[in-house]
Amino acid sequence: MLYQIYETQRSFMEPFSDMAQTAAKLLSNPGNVIGQTPMAQRMAAGYDLFHRLGKDYEKPEFGIHTVDVDGVDVAIHERIEISKPFCQLLRFKRYSDDTHTLSKLKGQPPVLIVAPLSGHYATLLRDTVRTMLGGHKVYITDWKNARLVPLEDGEFHLDDYINYVQEFIRHVQSIYGNCHVVSVCQPTVPVLAAISLMASRGEKTPLTMTMMGGPIDARKSPTAVNNLATTKGFDWFENNVIYRVPGNFPGAGRRVYPGFLQHTGFVAMNPDRHANSHYDYFKDLIKGDDANVEAHRKFYDEYNAVLDMDADYYLETIRTVFQDFNLVYGTWNVKGVDGRTELVRPQDITTTAMLTVEGELDDISGSGQTAAAHGLCTGISPKNRQHLEVPGAGHYGIFSGRRWRDVVYPQVRQFILNHAHAQAPVKAKASAKAAPSVTAAPKTAARKTQAVTAKVAKSSSAVKAPTKTKAVAPSTRVKATAKTASKTAGKAKAKA
């Protein structure tokens, strides 16, 4: 009922919002006589603000058409690589007429960015994508608004999210031989689960995984987000934030956590900051400060665009990640596409290097929550694990803005380059029906891997903690232990 009331109110306000936009343009037009009256600018600013507070914000576009690669403009073509009921895998294909630049692009490593499914669209990572396109072949998960997914397309669970991630990883691997994975915020947990399951089956895992500002262990330094999940019972969430999609959408009847409720929660975390921001926008309109006006519009066009999440996925995330802590307790069982249930064992990951990133002032994923992955992934050698804490950075600052571009990305890029070659993949077990066949590693490498794994299992408490850095620091290089690694890299250079 609440969802229907909200939609009725939004439909009622829409014509008034459009009228306010028209009035604002009329009053701010220098060629209009009315626009020359003493109070015209203030009235125009007021109407503009009313329009933006009342308008409906649709899904934004990535809008990345070119990127600069060492002084050369490279054209970008965004295309759908895989389309699933609740997500599509996007690829940002790069083109250049400069032969030297094209050769450089072909040799750069492929990266799968797993965007959050936690309210905002994947376009929230626009700056992340644009920056990484200068040095990587970039793919990103573009999650769909659940209210647009018809009921006949089935349900969507946390297990399905994990299965999607594994499918996308295998797809990129099938093109380039291997890949690197970057997860931001919410997906750090399901991505770690996906790679853990692949490792447990003996599948080829990504060369690196970079996890940024995510709730791997939500017990550490709990924030307002964590406290809400722990102070309210599971039944409270199911009874108070879950509603059915109204009949005017393709997903009519689907149970969802509505985007407008999520947006209300976002604003409620910092109401004074948002109120001041809108007041500053009003004053900038009066002063004619076009730069600040445009910056405000771009930010809130993205911030106010929210999507509905399928109820099953949302509720299972609350219980698994924020209430039962199944990942850190080692009690998380995931159902695969073949119907089999498997236990998530991060300690089985051995050939994937790991970088964790946290913001010093992160008020969504508190200090230590992401770094907790190092205590779980004991099968990864300490020399192949690294942690970065970004001084003065909040949650958004670690993947967007100046600190992301100047502090975080240089380290992420170097980490990926240092681990661009790794041990040949272990042959998949026959029981892993969903896993594609891969080349077996040499016997010597296999024995070495088994020895390391056994040693870690015997004395996991003696594993050294990851080194913390406050700025950009070089990573260690993983040596290639199989000839197939260099052959695969050669084939990967054939595509940009």
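What number goes with the only condition from (1) closer than 23 Å to Tyr164 by Cβ; (2) in a strand (DSSP E or B) that Tyr314 does not pass?
(2)
Are there any helices (runs of 4 or more DSSP H) wholly within the range 179-247 with 2 or more residues that are within 15 Å of Cys377 (Cα to Cα), touching a residue at least 60 places away in the same chain (Cβ under 8 Å) and out of contact with any Phe, Trp or Tyr (no Cβ under 8 Å at 6 or more places or on another chain), and if so which?
Of the helices (runs of 4 or more DSSP H) lying wholly inside the range 179-247, those with at least 2 residues that are within 15 Å of Cys377 (Cα to Cα), touching a residue at least 60 places away in the same chain (Cβ under 8 Å) and out of contact with any Phe, Trp or Tyr (no Cβ under 8 Å at 6 or more places or on another chain) span 188-201.
Assess whether Ile318 counts as being within 23 Å of His263 (Cβ to Cβ) and not hydroxyl-bearing (Ser, Thr, Tyr).
Answer is yes for this residue.
Take the conditions surrounded by fewer than 16 Cβ atoms within 10 Å (Cβ to Cβ) and part of a strand (DSSP E or B) and apply them to Arg79. Does it pass?
yes
Regarding the range 272-289, can at least one residue be identified that is out of contact with any Phe, Trp or Tyr (no Cβ under 8 Å at 6 or more places or on another chain) and closer than 20 Å to Asn226 by Cβ?
no
Scan the range 282-331 residue by residue and report those that are hydroxyl-bearing (Ser, Thr, Tyr), in contact with a helix residue (DSSP H, G or I) (Cβ under 9 Å, 6 or more places away or on another chain) and modelled with pLDDT of 95 or more.
From the range 282-331, those hydroxyl-bearing (Ser, Thr, Tyr) are 300, 303, 313-314, 317, 320, 329, 331; that's our starting set.
Then drop every residue that is not in contact with a helix residue (DSSP H, G or I) (Cβ under 9 Å, 6 or more places away or on another chain), which leaves 300, 303, 313-314, 317, 320.
Tyr313, Tyr314, Thr317, Thr320 - these are the residues of the range 282-331 that are hydroxyl-bearing (Ser, Thr, Tyr), in contact with a helix residue (DSSP H, G or I) (Cβ under 9 Å, 6 or more places away or on another chain) and modelled with pLDDT of 95 or more.
For the range 321-375, enumerate the residues that are in contact with a strand residue (DSSP E or B) (Cβ under 7 Å, 6 or more places away or on another chain), assigned to a loop (DSSP other than H, G, I, E, B), more than 24 Å from Gly202 (Cα to Cα) and in contact (Cβ under 8 Å) with a residue 40 or more places away in the chain.
Ser367, Thr370, Ala371
Residue by residue through the range 233-286, note down the ones that are crowded, with 18+ Cβ neighbours inside 10 Å and of a type in the set (A, V, I, L, M).
Residues satisfying the conditions are Val241, Ile242, Val245, Val256, Leu261, Leu285.
Filter the range 105-153 down to residues that are part of a loop (DSSP other than H, G, I, E, B) and of a type in the set (S, T, N, Q) and give me whichever is farthest from Tyr57 (Cα to Cα).
Among residues in the range 105-153 that are part of a loop (DSSP other than H, G, I, E, B) and of a type in the set (S, T, N, Q), the one farthest from Tyr57 (Cα to Cα) is Gln108.
Report, by residue number, each residue of the range 111-161 that is more than 20 Å from Thr205 (Cβ to Cβ) and of a type in the set (S, T, N, Q).
Ser118, Thr123, Thr128, Thr131, Asn145
Out of curiosity, is Asp73 acidic (Asp, Glu) and in a loop (DSSP other than H, G, I, E, B)?
No, not satisfied.
The values are calculated or read from the model by the stated rules, or taken from the named source; none is laboratory data. Treat the numbers as computed from the prediction; the structure is a model and nothing was measured. For neighbour counting, all protein chains shown are included, and Cβ atoms are generated from backbone atoms with ideal geometry for every residue, glycine included.
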